[in-house]
Every structure is written in structure tokens, then in C-alpha cells.
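Nothing in this text is a laboratory measurement; each read-out follows from the coordinates by a stated rule. Owing to the predicted nature of the structure, the values given are computational and were not obtained by experimental measurement. As a convention, Cβ positions derive from the backbone with ideal geometry for all residues, glycine included, and neighbour counts pool all protein chains shown.
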Amino acid sequence: MTANETIHPTAPAPEIDASCRLPLLALLVGASVWLVVGSVLALIASIKFHDPEFLAACPLLTYGRVVAAANDALVYGFCLPAGLSVILWIFSRLSQTVYPLPLVPVIAAHLWHLGVFVGLASILLGNSTGFTWLEFPRGGSILLFVAFVLIAIPTAAAFGYRREKTLYPSHWFLLAALLWFPWSYASANIFLVAMPVRGVAQGVIDLWFGNNLLYVWFSLTGLGIAFYFLPKLTGRPLKTYYYALYVFWTLALFGTWCGIPHGSPFPAWITSLSAIASVLLIVPVIGVMVITAQTLCGSPKSAESKSAPLGGPVCFIKLGLAAFVISSLMYIAPACPQISRVLEFTWFGQAQVQLQIWGFLASILFGALYYLLPLALGFAFKFPQFVRGHFFLLGLGVLLWVVPLAIGGYEQGANGYSLDASLNCLRISTLGLGLILIGNLLFALNVLALFVTWKINLVKTIFAAVTAPLKTSEVKS
Amino acid sequence: MKSGFPATFVVVLALGGSTLGFVLAPAVQLGGIQQTTVLNTADIYPPQRTGDATLGLQVYRANGCAACHTEQVRQDGVACEVVLTAPGANPAAVTNLLATLTLTNLTKEAADLVAGQITGLGGKVETHIVPNGADLDHGWGVRHSVAEDYLYDYPVQLGGLRAGPDLASIGVRSPDAGLQLKHLYAPKSVNSNSRMPSFKYLFTVQKIGDAPSPDALNLSGTDAAPAGFEVVPKPEARQLAAYLLSLRANLPVYDAPFTPPAKP
């Protein structure tokens, strides 16, 4: 027996789940609040296209501020902390050891949510940095960076303590995600906020960061989680290990160069390089299609997955993978100049971003959390019927939110950027966002109910321990 | 694979590469950018902004104007056009020749050929460089945006969505500060089709003193202030208008040549 094995012996699954309980709760209670806040802000922003004067008199709620705050609340408030919470649980489970130092992520989670609060308040008060996806001012971004690193270190330690040395595909994706965010976030903040570069180079760096967060980090996290849960929930092995390795390499190598549109006022080598990388991005996307199809159509279903009703966690994962493929194709298409000429600067780009957030990553995170939260807390959801409801609301909501935006984007681009051409589409999309918001409320309600039940149980346990009669032996001594 | 090293290696290779390429290289290539000269003149481009306009960029940033407005104009390419400036000694022959020639949308070689034919008959011509593209047809600029246009901007507000018009040369299109302020206060009073929210919080409605304020907006109808009151821009609104007027990307530079219209 090695020293490693004595310090970190193999633990049974319930014990591993219990060790992740505190970090999960600390990250997710805040995340579900930001999820609701973000979708309410997004809905306010969307309603402003029905009536531009809606809440226009309040400087805090002017369109430019609300829309930035909504996007940041969803990405930094929900997607990142929820992603981290799933990563730390998966790493503990794959390593078959209890999560080391669970209190560090608990402290970090509070720092993270404080950072998001500071950032959102700054945006609404007009103190954003003005860079897309990096709107949080210095105070907020430093808190986020420190908190991410504090969560990543014990999570990487959980990875290091693994009993089975051979890596599972999810390991590569999620380990890369733990490194990807701090690196790109720090680089972008150093060059844009701490020691700003002069002139239009700011635009290149901002677009580079946006791509590395919204496309690469989202893809690494979402695919890493999906490749863990898809085989687990369907009872079929992932097909295959080497396809997944191939997707990982190509996604990292090509994905990181994408995202700079054709007509940007940058030197031609930058836009050309980005266009080439976008075309090559088709390789990992085809890889994901093959893996998903072969895994789902492969060996026979397990009895457990056959009895699962439509709308359970596995449906969220499948929705997420389908959305990944569509959103990636929407991301690649503008690499063709003829398409870019029509679709650039229109709602089409926003549709892709929203599909990436809601259809892909958020959907996979919801599926994963609906599976793992009852395990980690040791009791079932208070409202299990909400899970199915959330799935249908999310699916229909994403459809009604993204498809009209994409069509509206085409109409807008084909009609000389006239907003009138896309106005009807924008109105339908508000409805989709409303459905997504109701679904998010169901999710937040379930998470908060779990949290309250856990708190009540905790208080009961403490109360019982305090009021328990002293043992006679203790009295005598 | 049995260790985390290969995955870490992929991250360092991929993200390290793109950090070198899209963060450090642009910082070196574009970060040291200087003013340039306007083509065929000794004028410096871009001129430094006024104090108000510099502060106005911060108002533009604070209110997230870039959520709906881009500040970048695209261009498909350039074409040449041949313009006859003097018919010369043999006007009839030149007129006959002109009737048989295409004078616009030519390549450089074709333009030289046409110019040669006309000058052969004694006519005098100029060859003009004319950029083309949908954004330019839209009237959003006379050339594509270049790095120098953003020399004094922090933060650079390129924008990614055109829910409203492009503003790269709004100062050329609409150079009246009063009209800009009126548009910020009540967008529909200037453009009845506008979907822009009003920025009334950048203005004060105040009682008219001994004499009406010279800054008061010229409003009418439902937008007008009640009798005895006037609408006056706060400093932020004036700075924002000054910034908008400073957006004038309309001069030919080395990266984006074109023949400017002749001065009257």
C-alpha cells in the first residue's frame, strides 16, 4: 500500500457524495439566485424592444446596462459556479476518494458570489469596463479570479488522488477547463484593465477572450460533463475513448483561434487566421456528433434507463449535445464571407450565444445537477415533478428564444440592418425567454428547498445533540 | 493516458499559442500605433479629441451604447473611376469616345487603359479610387474603419450588434449638436421610426429663469416641457453629444485610400 492510498483510501459513493455537500450547496444556492436574477434582467431587456420607453427613465435599467448585467449574471453568476460544482463532484467520484479540503471551495464560493454582486452592481451603476464579457471592474474580476483558483486547487488535488490511474475522457476536458479560465481571464484583464494596450488591439483581445470563455471553456466543461453522464445514465459505454481524445485535441487547438469576424478593422492576418480556425472547427463538431450517435445507438439499453420517463436528467444532456452541434455550426458559418456579409452584426450572433448558454451548457448543467444533488444531500427533491416541467419549459423556451432571433438576424441583415424587419421575431423570442425564466424558477425552488431542508435537519441534529441527556458515566467522572 | 500531463500540455500548446497570436502579437503590432497623415496632404489623422468628447466616451461606455451600435464600417473592395476634367482640343471626338466606354467600377489596369484612350485624343482625365460595400452604400462611411480611427479610445467600443445604425462617422452624417441632444432626449422627435430608448435622465427639466437658457432644447408637441419650464442637458449629455460629433472617420489614409470629393 502506497502512502497515497493510506491517506486517501477508497471511499464508498455515499461518503464521496457527502464530502462534496458543503461546496455544492455554497456554489449552487448563490448560482440559482443569479440564474433567476439574470433571466429577469434578460426579460426586461427583451421587453424593451416591444416598448423602448419601458423602464427607460431609470438610469440603472437602461438597455445597454441591463443587457450586459443579464449576460454576466447568467455566465459568471450561474454557468461558471454551477460548472465548477459539477466538476468537483465528478472528479471526486472518478477518483473514488472523498473531496479534500471541502471548506476551501465554501469560502471561495462566497468570494465568487461577492465578486458577481460587485460586478453586477457596478454595471448597473455605470461602472462597467466597457469590454464585452469583461464588464466587471477590477474589484469584481480579482475576486472571481481568486475564487476560481481556490476552487480549482482542491479539485485538481481530488484529481491527483485518483485510485484508477488511467484517465477517463471527462478528465481531460474538465482538467483543461480548470486551467483555461484563469489563464484567459487573467491575460485579458491584464491587457485590457490593469495595463491597457493602446487602440484597436483592445478589440482583438476582447474578442479572443469572449471566444475562449463562451466557446472553448463552455465546450470543454459541457462536453466533459456530458461524456461522464451520457454513458452513466444510458448504461452504454462511451464510443469511443479515442474519438473523445481526438475531439479534445482539435477543440482546444482550433477553437481557441476562432471568434474574430471578417470585416473587423484589424490587420488581415488576424481575421484570416480566425476564419481558417473556424473552418477547421468542423472537425471536433463532427467528432461530437459521431460520439453521441454511436453511444446512443450502440449496445442495448440498461433496464434502469428504459424505465426512466421522458424529461429526466438524461434528456437535458441529450438536448445539450444537440444544441452544441447546432450552435457550433452557427458559429462556423460566418467564416464564409458571403454568409458573414449578411449575418454579421445582426441578431444571428446573439442567437448563437444564447443557444450556447441555454441550449448547451445550462441544459447539461441542469441535467447533471438534477442527478447529483439528491445523491450529495442524501434526500430527494421536494418537488420531483418540477424536473420534467423544467425540461419541457427549457426545450420549448430555447426553441422560441433562439430560432426567431436567428431568423430575425437574417431578416435584419438582408434588409440593411433595419430593426423593423426583425421586430416580430424579437417579440416571439420574448415569449421563449419567459418560458426559460419559469423553468429557472422551478430549478431555483428545488435547490432552495433542498438547502432549507438541509439547514432544518442540521439544526435538528444540533438541537438533539445539545438536549440529549448526559450519559451517567460522564456525570460520575 | 495515465497522467494529467498530456492534457496540461494541450492547454499550454493551444492557449499559449493563441495568447501569443491574439493577445501579445496585436499588443506589439497595434499597441505602438501612432498618428498617420491624411493621404496627399500634410494633415495629421486622427486629431486629438476635445476634453468634452473624451469624457463623452465614458458616458457612452457607462450606458452600454455599444450594445446596439457598432463603430466599425466594412468594405468589400475598391474600384477605379475615370473622370473627364477637360475635353481638350477635340471635344467631339472625346464625346464620341466617351459614349463607347465604361468609366466607373474599373480595375486599375482598365482605368489606365481608358484614361490612355481619352488622353490620346487630347482630353484631360483624373482617376478616382472609389471604395464599395453595403455599409458604404448605406451611407455609414466613405471607407472601411482602420486601426488609427480608435487611437485615442479607451475602452475601444467596436460593438457587435446593429440594432441601431453604425456610428463610425455619425459626426459627419449629423454634425448638429442640438439635434444630437434632441435625439437623445426624445428619439422619436427626430426619427419617427426610432426604437432607441430616450435618455431623459441625462437632462434636467427646470423652471425658466429671467431668460431662457441658451442650452435649452428646442422641443415641440408632447415632448416639450410644461409651460414655464425648459429642458436643459446635464454635462453628461453635452459630453456624449461632443463625443458623437467627434466620430468622423472620413479622411483617406494609407490603409484605406480613396479619392475625397473635390473641395469647392
| What average count of beta carbons from other chains do you get within 10 Å of the Cβ of residues in A:161-169? | 2
| request: Please give the peptides B:58-67, A:462-471, A:281-290, A:149-158 ranked by average Cβ packing (other Cβ atoms within 10 Å per residue), highest first, as a rough proxy for protection. | output: B:58-67, A:149-158, A:281-290, A:462-471
| field | Pairs from A:LYS318/B:LYS2; A:LYS232/A:LYS382; A:LYS165/A:LYS318; A:LYS48/A:LYS318; A:LYS48/A:LYS382 whose Cα-Cα separation, in the structure shown, is over 27 Å | value | A:LYS318/B:LYS2; A:LYS165/A:LYS318; A:LYS48/A:LYS318; A:LYS48/A:LYS382
| request: Would you mind checking the radius of gyration and Dmax of segment B:77-132 based on alpha-carbon positions, in Å? | output: 10.9, 36
| Amide H contacts under 5 Å for B:THR36, placed H, 5+ residues apart | B:TYR45
| said: Which residue fluctuates most in the GNM of chain B (Cα springs below 10 Å): B:VAL114, B:VAL73, B:VAL172? | reply: B:VAL114
| task | Assign one of three labels to segment A:45-126, namely rounded, prolate or oblate, based on the Cα gyration tensor with a ≥ b ≥ c the square roots of its eigenvalues; rounded applies when a/c is under 1.5, prolate when it is not and a/b is larger than b/c, and oblate otherwise. | result | prolate
| Between segment A:172-200 and segment A:356-401, how many Å separate their Cα centres? | 30 Å
| query | Using all Cα-Cα distances in chain A, what percent lands in each 10 angstrom bin from 0 up to the longest? | reply | 4, 19, 30, 27, 12, 4, 2, 1, 0, 0
| remark: Looks like segment A:106-159, by Cα gyration tensor root eigenvalues a ≥ b ≥ c and the a/c under 1.5 rounded cutoff (else prolate when a/b is bigger than b/c, oblate otherwise), is prolate
| request: Partner chain Cβ atoms within 10 Å, averaged over the residues of B:56-66 - can you pull that number for me? | output: 5
| query | Highest mean first, what order results for B:21-31, A:160-170, B:147-157 on Cβ atoms within 10 Å? | reply | B:147-157, B:21-31, A:160-170
| remark: The helix A:423-467 Cα axis meets the longest alpha-carbon principal axis of chain A at an angle in degrees, between 0 and 90 and rounded to 10, of 20 degrees
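Counting pairwise Cα distances across chain B, what percent come out greater than 28 angstrom? Mind dumping the intermediate values first?
Numbers: 18955 of 34716 pairs.
When all Cα pairs of chain B are counted, 55 percent exceed 28 Å.
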| query | So what's the back-of-envelope 222 nm ellipticity for chain A, counting only DSSP H runs of four-plus at -39500 (n - 2.57) apiece and dividing by all residues, rounded to 500? | reply | -23500 deg cm²/dmol
| note | Partner shielding of A:410-417, as the mean number of partner chain Cβ atoms within 10 Å, equals 3
| note | Per DSSP, the loop-located trypsin sites (Lys or Arg not before Pro) within segment B:159-264 having at most 15 other beta carbons within 10 Å are none
| request: Please list A:85-92, B:5-12, A:98-105 highest first by mean number of surrounding beta-carbon atoms within 10 Å per residue. | output: A:85-92, A:98-105, B:5-12
| request: Using just the helices of chain B, give the 222 nm mean residue ellipticity in deg cm²/dmol: DSSP H runs with n ≥ 4 each add -39,500 (n - 2.57), and the total is spread over all residues, rounded to 500. | output: -9500 deg cm²/dmol
| message | Out of the chymotrypsin sites (Phe, Trp or Tyr not before Pro) in segment B:169-264, which ones are loop residues according to DSSP with at most 16 other C-beta atoms within 10 Å? | response | B:TYR254
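With N set to the residue count of segment A:415-477, report its C-alpha Rg divided by 2.2 N^0.38 Å to two decimal places.
On the way: Rg = 27.6 Å, N = 63, 2.2 N^0.38 = 10.6 Å.
Rounded to two decimals, the normalised Rg is 2.60.
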| By count of other Cβ within 10 Å, fewest leading, how are A:SER327, B:SER246 ordered? | B:SER246, A:SER327
